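Every number in this text was worked out from the coordinates using simple rules, so none of it is lab data. Please read all numbers here as calculations on a predicted model, not as lab measurements. Heads up, the Cβs are rebuilt from the backbone with ideal geometry, glycines too, and the neighbour counts pull from every protein chain shown.
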Amino acid sequence: MRAVAVGQAELKLFWRNRTALFNSLLLPALLVPALMAADGDGVPLIVGLTGFVLLMAVYYNLVTTFVARREELVLKRLRVGELTDPEILLGASLPSVAVALVQMVLFTVIVGVITGVAVPSRPWFLLVGVAGGVVVFVLLAAASSAFTRTVEMAQVTSLPVLVACVLGSGVMIPLSVMPDGVASVLRLLPLTPVLDLMRAGWADGPVLRPLIVLAVWIGLGTYAVRRWFRWDPRR
Amino acid sequence: MTAIEVRGLTRRYSGGFEAVRGVSFDVERGEMFALLGTNGAGKTSTVEVVEGLSRPAAGTVSVLGHDPFRERALVRPRVGVMLQEGGFPPDLTVTEATKMWAGTLTSPRPVDEALSLVDLTHRASVRVKQLSGGERRRLDLALALLGRPEVLFLDEPTTGLDPESRRNTWELIRALLREGVTVLLTTHYLEEAQALADRLAIMHRGRIVAQGTVSEVVDAYPARISFVPPAGVPLPVVVTEEASGRVTVRTNDLQQTLHELLSWAHVNSVELSGLDARSASLEEAFLAIAEEAA
């Protein structure tokens, strides 16, 4: 696959970028105490950590990657080559996604063994949730990059998605403590259906609604990327 | 056979600015066609549409028989593009950047071969951010050549190169032309176009204002004879300019005017010291065109 060549180069760049290493590798691990304070049980911890990995290692990291490559004119250069537009985005996303998946597996195994979490009874919902979450946050990162002038500005432009998802998707504050009306609105956030599907892997829970919300976000994200993604620097 | 066919190409930017206004030209297989023009004349805007980076607002473009924008997948494997400003991740080494590019191509040259073509072998393990401007240009050229293109787009390929590297790049381009590669060049350096191009077009404010072989373009502009005039004798020719003791005569028939002048000097036994006679250079033609159009 031709996109892998770009992915390999991106992976090298990732290991050479201290900020990216810190944000994607260390930050989620540092959040373990905070998450344990919210809910110390195994499953909520795994679900919460996965949410953070999606937000930091996939979403935030890719906003900065897309902006950096655009401003360095790397995206423009790739566009005069043989790769198609989706292949370029896929290639640039590969290492972040791979690193995120490795972290999710590690966290799940470590937390699972320590707290004695049972093997998920419906693992496919877990997998669908994670896969859908990866796709949604790659797309949202590409869309956010269009509104981000510089790598530094990514700290600001990524805030709406980060804050909304951290506070509103039941990572820190369980949606069950919210009033019903508020909770139903928060279930429409992009991260909430991912976490709901993950929980449904272990326990009976509604899956149709999260699946629909996730599919709608994938549709919206695809539309936003096609409509707004910028291949040229903003000058 | 025609490699590139451009008809009535117009490019409009989102603000409504029309950068290219109805440009037409053909590039034959195996020839070099140069687009010249002042800054902002629309050269890069034209070339980017021909490369398939964006869709023309009006007009048609065909590269090797295909629409480069809509049939990108058919055109790209056969062309090589050197953008005006190449983009490489600054933290990759020269070899890593070249390998990455090779991995995206259908039938790439070996990485070592591409780097040696542009004399970058000794810089292979250096990070891109440590390269000089000229070295970066050469890396960009190496990537453009990596896929063994039939058609090569070169947007100001020698900007920032030292004279020796420029000569080497010219030799490389000549070798490619001998192999049958078609080249569309844009450049600021008129001597570059004069040295390499089979045909050229001069653009001004989004339009082509002159087009043809170098001599066709230049022949439309008067030749020039200059000398220090002998004191106290009326000259047989009309002087067009006079500066620091020298006079300049412009003529559309260099041979006839020169003959008259030399015969007159012989008959009258006067010396035309510092005599200099030459056809218009591409630079003169270019400046005259830019002035006329202004």
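To make sure I understand, if each residue's beta carbon is the centre and we count other beta carbons within 10 Å, what order do A:50, A:157, B:121 fall in, fewest to most? Intermediate values should be presented prior to the final figure.
Working: A:50 25, A:157 17, B:121 14.
Sorted ascending by nearby Cβ count, the order is B:121, A:157, A:50.
Charge tally around residue B:205: other residues with Cβ under 15 Å, Lys/Arg +1 each, Asp/Glu -1 each, net +2. Counting Lys and Arg as +1 and Asp and Glu as -1 over every other residue whose Cβ lies under 9 Å from the Cβ of residue B:182, the net charge comes to -2.
Roughly speaking, what is the stretch gain from residue B:291 to residue B:264, that is 0.36 nm per residue apart minus the C-alpha to C-alpha distance, in nm to one decimal?
6.3 nm
In this structure, residue B:12 and residue A:113 have a Cβ-Cβ separation that, at R0 = 45 Å, corresponds to a calculated FRET efficiency of about 0.15. Summing charges over neighbours of residue B:282, with a neighbour being any other residue whose Cβ is under 14 Å away from its Cβ, gives -4 when K and R count +1 and D and E count -1.
Where a Cα-Cα gap under 27 Å defines reach, which lysines qualify for residue B:129, not counting those fewer than 8 residues away within the same chain? Counting by Cα, and skipping residues close in sequence, residue B:129 has these lysines nearby: A:12, A:76, B:99. Candidate membrane-span-like segments in chain A, meaning DSSP H helices with Cα atoms spread over at least 27 Å of their own axis and a Kyte-Doolittle mean of 0.5 or above, are A:85-115, A:123-145, A:208-228, with no membrane implied. Each residue in A:169, B:263 was given a count of other beta-carbon atoms within 10 angstrom of its own, and listing them fewest first yields B:263, A:169.
In plain terms, the residue of A:36, B:1 with the fewest other Cβ atoms within 10 Å comes first and the most crowded comes last, giving B:1, A:36.
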